[in-house]
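Asker: Input: one structure, supplied below.
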There are 2 protein chains.
Amino acid sequence: MSERLTPHAPLTPAVLAILLSLAEDEKHGYAIMKDAVKPEFGGITLGPGTLYGTIDRLLRDRMIEETGTTDNERRRYYRLTSQGLKTVSAEIARLNAAVAQGRALGLIQPKGAR
Amino acid sequence: MSERLTPHAPLTPAVLAILLSLAEDEKHGYAIMKDAVKPEFGGITLGPGTLYGTIDRLLRDRMIEETGTTDNERRRYYRLTSQGLKTVSAEIARLNAAVAQGRALGLIQPKGAR
DNA sequence: TGACAATATATCCGTAACGGACATATATTC
DNA sequence: GAATATATGTCCGTTACGGATATATTGTCA
């Protein structure tokens with residue numbers, strides 16, 4: 001047995017960007033791609049291969065699902081599943097620990113600093 | 001042309017763990033492996049294949065270098081290069097933005113909260 | 001003292017992910 | 001009407017991951 005609670009242990013940057021984007025709201029692929037380049041979502045460039053390939057994997061692993069609705073026949077909207085939400089949350093918490101360590105080591109400016 | 005300033009754009013979890021561990025102090029491979037499972041360094045399990053394979057790549061890309069010194073003939077010590085330091089710092093800053101976004105979305109508890 | 005776990009590094013190799021190239025079609029803008 | 005943006009999709013070479021396996025030493029414990 002042993003259904004893994006988080007089959008994706010450390011998320012790849014592409015997976016994180018997509019899940020984080022969908023944590024904000026339901027979105028379609030192209031909108032996710034636009035989000036990904038923004039610093040808040042990781043600032044990465046998602047080529048179509050990575051974007052749709054990763055979406056397919058996330059659908060397969062039930063991290064995201066199609067909403068079924070659309071405002072434009074060309075768009076396919078996706079939303080996080082509860083599993084997906086758990087997974088991003090765990091990943092953000094994990095990254096938070098690493099960032100805290102980086103801050104402690106002086107790799108980045110402390111919060112309030114100028 | 002085009003020497004990339006940061007050949008490793010978003011770092012893989014394994015690379016981040018290794019660089020973050022070495023940002024603290026010079027270490028040998030096995031010590032890095034022990035560090036990696038700690039939450040502060042990402043909490044990931046580095047198998048020997050990933051560990052030494054990644055170390056070789058980081059040496060090749062001049063992110064880390066051997067110190068040459070050792071306190072035990074079996075141990076090979078590594079340290080960050082200035083390039084490696086820049087790279088981890090940039091990565092921590094990048095992740096910090098994502099963590100801030102995750103926090104804003106309520107994925108993790110805000111700092112002061114109990 | 002014999003066995004087992006931990007230390008320490010190294011290679012091999014199958015699987016998975018990445019990411020650029022290419023393709024296609026519509027809508028918009030100039 | 002041409003170019004750009006929107007929107008999704010496939011293909012495929014390169015790379016990274018990570019478990020298995022190997023080897024040798026040191027430490028522990030019954």
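A short reminder: the numbers here are calculations on the coordinates, not readings from a lab. No experiment lies behind these values; they were computed from the predicted model shown. FYI the Cβ positions are ideal-geometry reconstructions off the backbone, even for glycines, and counts take in every protein chain you see.
Asker: Under a GNM of chain A (C-alpha, springs under 10 Å), which listed residue has the highest mean-square fluctuation: A:I64, A:I55, A:I44?
Answerer: For chain A, modelled as a Gaussian network with Cα springs under 10 Å, the answer is A:I44.
Asker: Which ³J(HN,Hα) values in Hz, rounded to whole numbers, follow from the phi angles of segment B:83-99 under the Karplus curve 6.51 cos²θ - 1.76 cosθ + 1.60, where θ = phi - 60° and Gly and Pro get x?
Answerer: Working through the residues one at a time gives 5, x, 5, 4, 5, 5, 4, 4, 5, 5, 5, 4, 5, 4, 5, 5, 5 Hz.
Asker: From the label point of B:E26, set 7 Å along Cα to the beta carbon, how far off in nm is each other copy's matching point, shortest first?
Answerer: So the distances to the same position in the other copies read 5.8 nm.
Asker: Now, a different point. What is the Cα radius of gyration of the protein assembly as shown over 2.2 N^0.38 Å, N being its residue count? Walk me through the numbers on the way to the answer.
Answerer: On the way: Rg = 18.8 Å, N = 228, 2.2 N^0.38 = 17.3 Å.
Working it through for the protein assembly as shown, the quotient is 1.08.
Asker: Could I ask something else about it? Between 0 and 90 degrees, rounded to the nearest ten: what's the tilt of helix A:48-60 against the longest Cα principal axis of chain A?
Answerer: Taking the Cα atoms of chain A, the angle to A:48-60 is about 80 degrees.
Asker: Now a separate question. Please list, in order along segment B:11-23, the HN-Hα scalar couplings obtained from phi with the Karplus expression 6.51 cos²θ - 1.76 cosθ + 1.60 (θ = phi - 60°), rounded to whole Hz, x for Gly and Pro.
Answerer: Taking θ as phi minus 60°, the curve returns 6, 6, x, 5, 5, 4, 4, 5, 5, 5, 5, 6, 5 Hz for segment B:11-23.
Asker: Treating cross-link reach as a plain straight distance, find the aspartates and glutamates whose alpha-carbon is under 13 Å from the alpha-carbon of B:K34, omitting any fewer than eight places away in the same chain.
Answerer: Reachable aspartates and glutamates: none.
Asker: Taking every residue in A:39-46, how many Cβ atoms of other protein chains lie within 10 Å of its Cβ, on average?
Answerer: On the way: counts 7, 8, 3, 6, 6, 3, 2, 0.
Taking all residues of A:39-46 together, the mean is 4.
Asker: Using DSSP to define loop residues, name the trypsin sites (Lys or Arg not before Pro) in segment B:35-67 whose beta-carbon has at most 14 other beta-carbon atoms within 10 Å. Could the numbers behind the result be given before it?
Answerer: On the way: sites: B:R57, B:R60, B:R62; in loops: B:R62.
Sites meeting the loop and neighbour criteria: B:R62.
Asker: Can you tell me the convex hull volume per residue for segment A:13-104, based on C-alpha atoms, in Å³ to the nearest whole number? Please report the intermediate quantities before stating the final value.
Answerer: Numbers: hull volume 8.4 nm³, N = 92.
For segment A:13-104, the hull spanned by Cα atoms encloses 91 Å³ per residue.
Asker: Between A:R60 and the same site in the other copies, what are the distances in nm, shortest first, taking label points 7 Å from Cα along the C-beta direction?
Answerer: Here A:R60 shows inter-copy label distances of 2.7 nm.
Asker: List the distances, in nm and shortest first, from the label point of B:P48 to the matching label points in every other copy, placing each point 7 Å from Cα along the Cα-to-Cβ direction.
Answerer: The answer, with the shortest distance listed first, is 4.4 nm.
Asker: Counting Lys and Arg as +1 and Asp and Glu as -1, what is the net charge of the other residues whose Cβ lies under 15 Å from the Cβ of A:A36? All intermediate terms of the calculation are to be shown ahead of the outcome.
Answerer: Values: positive: A:K27, A:K34, A:K38, B:R94; negative: A:E24, A:D25, A:D35, A:E40.
With Lys, Arg at +1 and Asp, Glu at -1, the net is 0.
Asker: Could you name the aspartates and glutamates in cross-link range of B:K27, using Cα to Cα under 20 Å and dropping any fewer than eight places away on the same chain?
Answerer: Correct list for B:K27: B:D35, B:E40, B:D56, B:D61, B:E65, B:E66, B:D71, B:E73.
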